[in-house]
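Working notes, beginning with the structure itself.
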Amino acid sequence: MQQDIPKKQRPRGIYLLPNLLTTAALFAGFYAVTSAMNGQFEMAAELIFIAMILDGLDGRVARLTNTQSAFGAEYDSLADMVSFGVAPALVIYAWALASLGKGGWVAVFVHAAGAALRLARFNTQVAVQDKRYFQGLPSPAAAAVLAGFVWVSVKYEWPLDSIRYAALGLAVSTGLLMVSNIRYYSFKDIDLHGRVSFVWAILVMLIFAFLFTNPPLVLFTLFTVYALSGLVLTLGRRRRMRTERRA
């Protein structure tokens, strides 16, 4: 009589290292909210950028150590929602938009809802979308625009009365850009192991030099330019398509 072969049980548990980095990113986003509640807006903005760095590390570490998992992917999305959806919205609301009443919280809700929809769409289309481009502004970049604006404004002591509506417009714009069909370059096709020209090495050194001389201004400028680059890329693509149809 043939004996039943016991089935190999799947190991239970989670991978520690990538999920530890995800937890750290989640903590940075949560701490940004509590810092804003205590009036420490510059620290809150810095913590959102720290969450961005940790968010970029967890996926890379998971790929390098071959520890990707469905749990890690879902956990990463939930952490991103807190760090890049809720946290920047509440930080900019507590800093500048609370005095605007309903208009203020509606604006930041647009950003938070846009981040949720952006993450949900990314998770459902990750297997079929072009890896070279993102559809819609990535939520970390959208959060960086808001956090950078808060950081620059606090550092240079810009009067709130003169920039309050600019903050409101940024919150609405980032939310809408995240759910738009505008394409953004993902930088995923860059070969980090290949050879590059000496000019690129000099360019990278210059970027780091500018970054360390004035981090808030450089980061805000870089991510604002990236947010606008999608509009230029999409408009240029549509213009080429119209030219090809005419030809």
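We did not get these values from a lab; they are worked out from the coordinates using the rules stated. Quick caveat: nothing in here was measured; it's all calculated off a predicted structure. Cβ atoms come from the backbone with ideal geometry, glycine included; neighbour counts cover every protein chain shown.
Observations, loosely collected:
- Exposure proxy ranking, count of Cβ atoms within 10 Å, fewest first, for SER186, SER173: SER186, SER173
- TYR185 long-range amide H proximity, modeled H, under 5 Å: PHE134
- Sorted peptide list for 88-94, 55-61, 177-183, criterion being average Cβ within 10 angstrom, highest first: 88-94, 177-183, 55-61
- Percent RCO, i.e. relative contact order, over the stretch 92-247, from Cα pairs under 8 Å lying at least 6 residues apart: 33
- Once the C-beta distance of TYR185 and LEU17 is scaled by a Förster radius of 30 Å, the resulting FRET efficiency is 0.55 to the nearest 0.05.
- Reported to the nearest whole Å, the Cα centre-to-centre distance from the stretch 155-191 to the stretch 63-107 is 14.
- For GLY136, the shell of other residues with beta-carbons less than 10 Å away shows a net charge of +3, using +1 for Lys and Arg and -1 for Asp and Glu.
- Of the peptides 220-226, 79-85, the order by per-residue mean of other Cβ atoms within 10 Å, starting with the highest, comes out as 79-85, 220-226.
- Once the Cα atoms are used to define both axes, helix 139-155 deviates from the longest principal axis of the chain by about 30 degrees.
- Taking θ as phi - 60° and the Karplus parameters 6.51, -1.76 and 1.60, the scalar couplings of the stretch 25-37 work out to 5, 4, 5, 4, x, 5, 5, 4, 5, 5, 5, 5, 5 Hz in sequence order, x denoting glycine and proline.
- Order by protection proxy (mean Cβ within 10 Å, highest first), peptides 35-42, 211-218: 35-42, 211-218
- FRET efficiency, ALA113 to VAL199 (Cβ-Cβ, R0 45 Å, nearest 0.05): 0.60
- Placing a pseudo-label 7 Å from each Cα along the Cα-to-Cβ vector at ARG238 and ASN123 gives an inter-label distance of 3.0 nm.
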